[in-house]
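The values are calculated or read from the model by the stated rules, or taken from the named source; none is laboratory data. The model shown is predicted, which means the values in this text are computed figures rather than measured ones. Reconstructed Cβ throughout: ideal geometry from the backbone, glycine too, with neighbour counts over all protein chains shown. Keep in mind that these areas ignore ligands, DNA and RNA; they rest on the heavy atoms of the full protein, side chains included. Shrake-Rupley method; radii C 1.70, N 1.55, O 1.52, S 1.80 Å.
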Amino acid sequence: MRNAFAREISNLVVERQDLVLLTGDIGNKLFDEFKELAPGRFLNCGVAESNMISVAAGMALSGLRPVVYTIAPFTTVRVLEQLRVGVCYHEAPVVIVGTGSGLSYAELGPTHHSLEDIAITRCLPGLNVLAPADSHELVAFLREALESPNPTYMRIGKKGEPALHPVGASLRIGTAQILRDGDELAILCIGPITAEALSAAESIAADGPRVTVISMGSVKPLDIDFLDGLAKRCRRWITLEEHGAIGGLGSTILEWLSNTRHVVQLTRMAVPDSFIHEVGDQAFVRSVLGLDAQSIQVAIREALE
C-alpha cells in the first residue's frame, strides 16, 4: 500500500500546485519521484512528529494542502495534542497518512503496533477516519480527502497487501463496498485484514453458509444507510479489525445500533485489551490473536449455531 501511496502522491503533485508532502524521516527513497517532480514541496521534518503536525496545520491554514506521512503510532499517539488543537480545532484540511497500521510492524513490538489509533482519532471533532482495505481504496480516498474541507486521518498497511476491489470500482469515502455477497451472515471489515475475511468466506462456502464480506472503508463517516439496509436482510454480523477491541469499528457499530431499533447478533473480532508480547511477523501474530482466516471460519460457524 505504501508503494501505491507513493505513486499516487507523485501523480497528484503534478496536478495540484498546492500539494505539499511532509514526512517524519521515513520513506526518503520511496519519494524519489516526488522529489524530482517537486523538490521544493517535499519536507523531511525529521524525528519531530509533533512539530510536523503543527507545520502542516499552519500550511493548511495558509492555503496549501499538506499531506503528512509516517508510521501510524507516530501520526496519532505521539502527536495527539497538536492533532487535536492545531489541526482539528482550527478545521485545518490536513491529510494525515499513518503507514504500517495495525500489526504491520508486528516484529518491532508494541512501540510500533498501531492498535489505538482509530479510538483516539475518531473522538476528535471534524476529523474523518479512514481505513482502506487495499490500494484501490487508498488511491480513491486520498484524492477525495484532498478535496475535502475537513482534516482526514487515513491508516494504511505496509506492503504486499492484495488488491480486493476490481479495477475501476466506484469507491467513495463513507460508502461501504460488498466484496462478496451472501445472505446468512455479514462480516464488516476495515483495512487490509479484509483479505482474511474473504479467504475464510471462500473456504467455508463449499459446505457452509453464504457469507457477505464488506469493506466499510471508513469508520468516520460511517455508512449508516448501508448498515440500515443490511440489518433488514441479515441479522448475524461479525466486525473484523486489526485494532484494539475498544473504540474501533466494533465499538462504532455498537454505538450506532444502540440508537436504532435493529436487532442484530454481533460478534466482534479485534485485538484484546492488552499489549502483545509475542514477537513474529504479521501473519504469526494474527494467528496468535485469532484474527487469521482459520479463526474467522470458526467464528462464522459459532455465530450461526
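Between residues in the stretch 267-284 that are in contact (Cβ under 8 Å) with a residue 60 or more places away in the chain and residues that are hydrophobic (A, V, I, L, M, F, W, C), which pairs lie under 7 Å by C-beta distance while being six or more apart or on different chains?
What qualifies is VAL271/LEU115; VAL271/ALA245; VAL271/LEU289; ILE276/VAL285; GLY280/ALA106; ASP281/ALA106; GLN282/LEU103; GLN282/ALA106.
Give me the residue from the stretch 32-58 that is out of contact with any Gly (no Cβ under 7 Å at 6 or more places or on another chain) and among the polar types (S, T, N, Q) and, out of that set, farthest from PRO93 (Cα to Cα).
Out of the qualifying residues, it is ASN44.
Just give me the residues in the stretch 178-198 being out of contact with any helix residue (DSSP H, G or I) (no Cβ under 8 Å at 6 or more places or on another chain) and either part of a strand (DSSP E or B) or farther than 26 Å from LEU146 by Cβ (or both), in sequence order. Steps first, answer last, please.
Taking the stretch 178-198 as the starting set, the residues that turn out to be out of contact with any helix residue (DSSP H, G or I) (no Cβ under 8 Å at 6 or more places or on another chain) are 178, 181, 191-192, 194-195, 198.
Result: ILE178, ASP181, ALA195, LEU198.
What are the pairs, 6+ residues apart or on separate chains, where a residue within the stretch 240-256 that is touching a residue at least 40 places away in the same chain (Cβ under 8 Å) and open to solvent by 10 Å² or more (accessible area, probe 1.4 Å) has its Cβ under 6 Å from a residue that is among the small types (Gly, Ala, Ser) and outside any helix (DSSP H, G or I)?
Filtered contacts from the stretch 240-256: GLU242/GLY102; GLU242/GLY191.
List, please: which pairs have Cβ atoms under 8 Å, are six or more places apart or on different chains, and start with a residue in the stretch 2-20 that is farther than 13 Å from SER135 by Cβ and small (Gly, Ala, Ser) and end with one that is open to solvent by less than 10 Å² (accessible area, probe 1.4 Å) and assigned to a helix (DSSP H, G or I)?
SER10/PHE31; SER10/PHE34
Filtering the stretch 262-273 down to residues that are in a loop (DSSP other than H, G, I, E, B) and either hydrophobic (A, V, I, L, M, F, W, C) or at pLDDT below 95 (or both), which residue is least open to solvent (accessible area, probe 1.4 Å)?
Residue satisfying both the conditions and the ranking: VAL264.
Residue by residue through the stretch 1-60, note down the ones that are among the β-branched types (Val, Ile, Thr) and on the phi > 0 side of the Ramachandran plot.
none
Can you list residue pairs whose Cβ atoms sit under 6 Å apart, with the first residue in the stretch 163-186 being more than 24 Å from LEU142 (Cα to Cα) and the second being among the charged types (D, E, K, R) and not in a strand (DSSP E or B)? Count only pairs 6 or more apart in sequence or on different chains.
GLY182/ARG210; ASP183/ARG210; GLU184/ARG210
ARG235 versus (1) crowded, with 24+ Cβ neighbours inside 10 Å; (2) over 27 Å from TYR153 (Cα atoms): which is the lone unmet condition?
Failed condition: (1).
So VAL285 passes all but one of these: (1) open to solvent by less than 20 Å² (accessible area, probe 1.4 Å); (2) in contact with a Gly (Cβ under 6 Å, 6 or more places away or on another chain); (3) of a type outside the set (Gly, Ala, Ser). Which condition number does it fail?
If we test VAL285 against (1) open to solvent by less than 20 Å² (accessible area, probe 1.4 Å); (2) in contact with a Gly (Cβ under 6 Å, 6 or more places away or on another chain); (3) of a type outside the set (Gly, Ala, Ser), just (2) comes out false.
Select from the stretch 137-160 the residues that are within 14 Å of ASN3 (Cα to Cα) and over 13 Å from the mean Cα position of the chain (by Cα) and list them in ascending order.
LYS159, GLY160
Exactly one condition in (1) without any contact (Cβ under 8 Å) to a residue 40 or more places away in the chain; (2) touching a strand residue (DSSP E or B) at 6+ places or on another chain (Cβ under 7 Å); (3) within 15 Å of ALA299 (Cα to Cα) is false for GLU202; which is it?
With respect to (1) without any contact (Cβ under 8 Å) to a residue 40 or more places away in the chain; (2) touching a strand residue (DSSP E or B) at 6+ places or on another chain (Cβ under 7 Å); (3) within 15 Å of ALA299 (Cα to Cα), GLU202 is out only on (2).
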